[in-house]
Structures are given as C-alpha cells and as structure tokens.
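Working notes, structure below.
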Amino acid sequence: MVRDNQIQSLQVVHHLGPLSNDPGQCGRVVSWTAPTASDNCPGVTLAVDPVNANGSFFPVGSTLVTYTATDAGGRTAVCSFTVTVTDTEALKLPVLPI
C-alpha cells in the first residue's frame with residue numbers, strides 16, 4: 001500500500017488592487033496568472049471560487065477569490081486573495097437647458 005502523506009504545494013497569488021474601474025463601467029475586467037498546484041502523487045485538482053473568476057468583470061468594491069487544491073488523498077491547500085476595484089471616474093451631471 002502506498003500512503004501519500006505529503007501535502008501538496010499551491011503557489012500564492014497576491015492581492016490585486018486597488019484597480020481603477022473601466023471607463024463608463026461600475027467595475028472592470030481583471031486577469032491574473034492563475035496559481036499552480038503540485039504534489040508527489042498525480043491527481044491534483046484545482047478549483048476557484050467564484051467560478052471562472054480569472055478574466056471576469058469585477059464590480060467596484062472588494063471580492064475574495066479562493067483557489068483550493070485537492071490531492072488524490074483528499075488533502076487540501078488553499079490560497080485566497082482580494083481583488084479591489086475603485087470608481088475613479090468623476091461624476092457627470094447632465095446639462096439642462098435654461
């Protein structure tokens with residue numbers, strides 16, 4: 001019987017932001033280099049919450065992104081970081097005729 005007692009490693013992603021919103025939008029599309037996971041045995045899976053977060057639209061504010069690596073033995077490693085988007089556009093008021 002082979003016992004996998006080694007906890008897999010998960011590369012860390014650092015917090016992103018503050019990032020400016022996309023022009024005319026109340027948020028922005030944010031991308032990063034996804035972490036990688038490794039283990040001494042094959043079968044490591046990597047899940048992200050929220051699903052499909054990388055390359056997605058993030059609203060103004062802070063969003064927690066969590067990657068979880070799970071090896072074939074059920075052991076997990078977790079990496080979480082925050083994506084922060086700020087509204088940097090000036091408020092535009094309509095010009096009303098007099």
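The values are calculated or read from the model by the stated rules, or taken from the named source; none is laboratory data. All of these numbers come straight from a predicted model, not from anything done at the bench. Note: ideal-geometry Cβ built from the backbone for every residue, glycine included; neighbour counts use all protein chains shown. These area figures cover heavy atoms from the full protein model, side chains too; ligands, DNA and RNA do not enter into them. Shrake-Rupley method; radii C 1.70, N 1.55, O 1.52, S 1.80 Å.
Counting only protein heavy atoms and a 1.4 Å probe, tell me what percentage of the chain's accessible area is made up of carbon and sulfur.
58 percent
Answer with one residue from PRO23, THR84, THR45: the one whose Cα lies farthest towards the positive end of the charge dipole of the range 17-90, charges on Cβ with Lys, Arg +1 and Asp, Glu -1.
Most positive-ward Cα: THR45.
Taking 0.36 nm per residue of separation and subtracting the Cα-Cα distance, what length does fully extending ALA34 through VAL51 add?
Stretched out fully, the ALA34 to VAL51 stretch lengthens by 4.9 nm.
Using 10 Å bins from zero, what percent of all Cα-Cα pairs in the range 30-81 falls into each bin?
P(r) over the range 30-81, rounded to whole percents: 23, 49, 22, 6, 0.
Per residue, how much accessible area does the chain have with a 1.4 Å probe, in Å²?
Averaged over the residues of the chain, the accessible area is 67 Å².
Which order do peptides 64-76, 25-37 fall in by mean Cβ count within 10 Å, highest first?
64-76, 25-37
Calculated from the structure, Kirkwood radius over Cα pairs in Å equals which of (i) 15.7; (ii) 16.1; (iii) 16.5?
Correct label is (i).
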